[in-house]
Structure formats: C-alpha cells, structure tokens
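All remarks here apply to the structure that follows.
The values are calculated or read from the model by the stated rules, or taken from the named source; none is laboratory data. Keep in mind that this is a model prediction, so the values were computed, not measured. Cβ atoms come from the backbone with ideal geometry, glycine included; neighbour counts cover every protein chain shown. Ligands, DNA and RNA are stripped out before the accessible areas are found, and what is left, the full protein with its side chains, is counted by its heavy atoms. Shrake-Rupley method; radii C 1.70, N 1.55, O 1.52, S 1.80 Å.
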Amino acid sequence: MINVGLIQSACSADPEENLKKTLAAAESAAGKGAQIICTQELFRSQYFCQSEDHNFFQLAEPIPGPTTDAFQKLAREKQVVVVASLFEKRAAGVYHNTAVVIDADGSLLGRYRKMHIPDDPHYYEKFYFTPGDLGFRAWQTRYGKIGVLVCWDQWYPEAARLTAMQGAEILFYPTAIGWLPGEKAVHGGRQHAAWETIQRSHAIANGCYVVVPNRVGHEKLAGEGIEFCGQSFVARTSGELLAKASVDKEEVLLVPLDLSKVDVTRTHWPFLRDRRIDAYGDLTKRLVD
C-alpha cells in the first residue's frame, strides 16, 4: 500500500507565491502520509497560453533550476517522491512543457517533455512549447514504478499504452483544463465527462492506476479567460473512481493505492497478453488511406 497526494490549487500572477503555496501543500500532504505527490500542470504561474505573448517566455526556467532545487530539498527531507510540472527553458528559442520526477532521496530521476501540444482557443501551446523528444518513460521510484504524461496527452491511448508497457503501475497526468465560460452552459457537462472518461479508460485498458491533479479558479489573461474545472481524481485499475476533488476549491487529495492490484488486474484482464503486435504496423501512419 502506498499513498498518493494530488495538489489542486488556484494560481496567482506571482510565481514565487505559487511556488510557496505548492511547496506548503506538498509538505502538508507528506505530513498526512503521502509518499508520491503530484502538482497540477504549470503550477508556478497562471495559464499563460491563453494568448501568444513573448513576455511569458520569461516564466521559463532551466532544469536543474529553482523549482527542481526546492522540490528536491522537500523530497529529501520528507522522504517523498515528487512529480512537478514546469515551463522548461532548454535553450534560447526552445522551450518545453515538462514534468520532472524526483525520488524520495531527493535525486532527479528524469524528466518527461509533453509530447502532444494543443492549439485551440485560449490553449495556444504550440506558440510556447516544442514537442517532447524524450519519448514515453516510466521510472522505478522508491514507492513504485510510475509514468508521467501531461494534460493533452490524456486524449491519446497510445501514450498511456507505451508508458504502461514499460511497467508503470501508476500514470500521473498533471493537468490544466477547464471551460470557456461562454461555452460552459451548453458544452460543459459533455466536455468534462469526456475528459474524465478517456482517462478512466486508460486505467482499464492498461490495468494501472491513473492520477490526475487539475487546477481551479477563473483565470482571465485573454478574452473571457478559462474557468478551470478542478475535480482532480484517482481511478483504480478497473477504471472506478477512488477519489475526486471539488469543482471550485483548493484541495490536497490523499488517496491510498494497493499496488498489488495491478498484477491482479492484468492477470484477470490480460489485455497486454492478447495484444496482436503483429497487426498494428499502421499505427505509425497518419491515416490508413
């Protein structure tokens, strides 16, 4: 049995304030028994991709850098694993939406660079982020083998599958998703249901836990802004919801996971065994015309 902690919070315009708040939430989660703690996507700032503005590149930082230093210190002191999402400055003109994995001894195990980059109204991520080039990864931490994907990656079963195939027992998805206020009344329920359902399906198809921390609050950096929908959740190995946060409140969600259920589920529902790997070559094509 292990305990995971999800940090769901609202973000201000002050990166240092956001870092302090998230560190405090992580420390609180550790104090309550969390062993693996995950932040929401890009927690150090408001969601700046609502517009295309070169000034926001100043929010980026290198890895290692101040955020990784702070969380490595916390991980070492509290003996916890941390998954932290940040805006990575790799080089002049090359930036990534990145999640780092820090082990319970404070060591930086590695990083995942977001592979799928959206470009939608108020989600202009292609302006800021170079697509990831490290592939899909899983890391053996002190408390279990975990994989990390980021937000828009949620919609791609291929990403979950390739991560699970490396033995990931838990898939973490740091997220920043919400509604455009003008669309919420008509489309909001359907949009949220689709977002939750696709990720629960990854748990079912891969026999693993899925952990999704999201942000809350209305951030208005362009137009009507985005109303982030919260509702961070954890799905068990058969897709059922184990825990779910509120739609509008900051929370630290603490959820116990029995990792032995991964083997039980994958043995009783042997989807990985029955995959026809000889027949999937066309998946590497854009379309089968």
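So how many residues does region 249-289 have that are touching a residue at least 60 places away in the same chain (Cβ under 8 Å), in a loop (DSSP other than H, G, I, E, B) and within 22 Å of A168 (Cβ to Cβ)?
Count: 5.
Look through region 33-87, keep the residues that are surrounded by fewer than 21 Cβ atoms within 10 Å (Cβ to Cβ) and of a type in the set (K, R), and return whichever of them is nearest to V234 (Cα to Cα).
K78
Please give the number of the condition M165 fails out of (1) open to solvent by 10 Å² or more (accessible area, probe 1.4 Å); (2) within 16 Å of E41 (Cβ to Cβ); (3) hydrophobic (A, V, I, L, M, F, W, C).
(2)
Looking only at region 115-147, count every residue that is touching a helix residue (DSSP H, G or I) at 6+ places or on another chain (Cβ under 8 Å), open to solvent by less than 20 Å² (accessible area, probe 1.4 Å), of a type outside the set (D, E) and within 30 Å of L221 (Cβ to Cβ) and tell me the total.
3
Tell me, which residue of region 188-237 that is open to solvent by less than 10 Å² (accessible area, probe 1.4 Å) and of a type in the set (V, I, T) is farthest from D53 (Cα to Cα)?
T237
Taking strands (runs of 3 or more DSSP E) that fall entirely within region 1-117, which contain at least 2 residues that are of a type in the set (S, T, Y) and in contact (Cβ under 8 Å) with a residue 24 or more places away in the chain?
The qualifying strands (runs of 3 or more DSSP E) are 94-102.
Which of (1) under 15 Å from V247 (Cβ atoms); (2) more than 18 Å from the chain's Cα centre (by Cα); (3) among the basic types (K, R) is the odd one out, the single condition R215 does not satisfy?
Here R215 clears every test but (2).
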